[in-house]
1. Computed on alpha carbon atoms, what radius of gyration and Dmax characterise the protein assembly as shown, expressed in Å?
2. I'd like the per residue volume of the convex hull spanned by the Cα atoms of chain A, given in cubic angstrom.
3. According to the square roots a ≥ b ≥ c of the eigenvalues of the Cα gyration tensor, what is the shape class of the range B:30-111, taking rounded for a/c under 1.5, prolate for a/b larger than b/c otherwise, and oblate for the remainder?
4. What percent of all Cα-Cα pairs in the range A:62-114 falls in each 5 Å bin, counting up from 0?
5. Just flag the GluC sites (Glu not before Pro) in the range B:21-107 sitting in loop per DSSP whose Cβ has no more than 11 other Cβ atoms within 10 Å.
6. Please identify the GluC sites (Glu not before Pro) of the range A:58-90 that satisfy two criteria: DSSP loop assignment and at most 11 other Cβ atoms within 10 Å. Which are they?
7. Can you pull the mean other chain C-beta count within 10 Å for peptide B:93-100?
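All of the numbers you see were taken from the coordinates with simple rules; none came from a lab. The model shown is predicted, which means the values in this text are computed figures rather than measured ones. Note that each Cβ is placed from the backbone with ideal geometry, even for glycine, and that neighbours are counted across all protein chains shown.
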Amino acid sequence: GAVVSQHPSRVICKSGTSVKIECRSLDFQATTMFWYRQFPKQSLMLMATSNEGSKATYEQGVEKDKFLINHASLTLSTLTVTSAHPEDSSFYICSASQGRTLTEAFFGQGTRLTVV
Amino acid sequence: DAKTTQPTSMDCAEGRAANLPCNHSTISGNEYVYWYRQIHSQGPQYIIHGLKNNETNEMASLIITEDRKSSTLILPHATLRDTAVYYCIVRGPDSSYKLIFGSGTRLLVRP
């Protein structure tokens with residue numbers, strides 16, 4: 001299957017700082033990317049959908065000013081957690097898909113964020 | 001909200017077939033059924049998807065009932081490495097092609 005690379009895989013940051021997570025599609029053009037978060041023993045929760053060149057669409061209850069998403073190219077999307085707090089500690093996962101079609105979406109390996 | 005219902009957990013013996021059911025009684029005509037699995041602390045892995053015909057690939061088979069209200073994922077010869085959480089997801093244009101995860105089925109493959 002196609003490869004989606006997420007970086008970093010693990011990050012620890014201090015409360016109040018911002019953290020950027022990158023998601024790259026390595027061998028295909030990802031016109032659509034999804035961002036999820038996952039708390040321990042829970043399922044993945046969709047945070048937002050980003051389409052290349054346009055603003056991200058956030059799910060209800062997700063603060064767009066706190067979780068900044070940029071999808072400036074067909075191979076790269078970034079999620080920035082701004083002014084992080086301990087409750088933002090979670091597993092963040094991206095997924096990339098070739099456009100608004102029903103081709104399969106591929107997932108990155110995830111980023112474990114710990115805010116101390 | 002997820003449009004699927006799956007058993008919380010299942011187990012099977014190594015080498016035997018694992019049959020994972022999924023109910024999606026409100027599926028619409030243009031929505032596909034997707035299956036992903038997640039091994040602990042990793043991103044989900046795509047397994048298979050289908051619309052109404054049965055599908056098979058190197059990983060699994062997907063059997064969709066004629067009324068499309070339920071499906072079964074079959075791992076023909078389960079191995080210990082198949083222990084994971086399996087997610088059945090309904091996806092289509094009506095939901096903007098989003099992949100909305102439910103709680104999934106935790107499959108334990110016993111030696």
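1. Taking only Cα atoms of the protein assembly as shown, I get Rg and Dmax of 17.6, 54 Å.
2. 98 Å³
3. Here the range B:30-111 falls in the oblate category.
4. 4, 16, 23, 25, 18, 10, 4, 1
5. On the way: sites: B:Glu31, B:Glu55, B:Glu58, B:Glu66; in loops: B:Glu31, B:Glu58, B:Glu66.
Passing both the DSSP loop test and the Cβ count: B:Glu58, B:Glu66.
6. Taking the range A:58-90 and a limit of 11 other Cβ atoms within 10 Å, the loop GluC sites (Glu not before Pro) found are A:Glu63.
7. Mean number of neighbouring Cβ atoms from other chains: 5.
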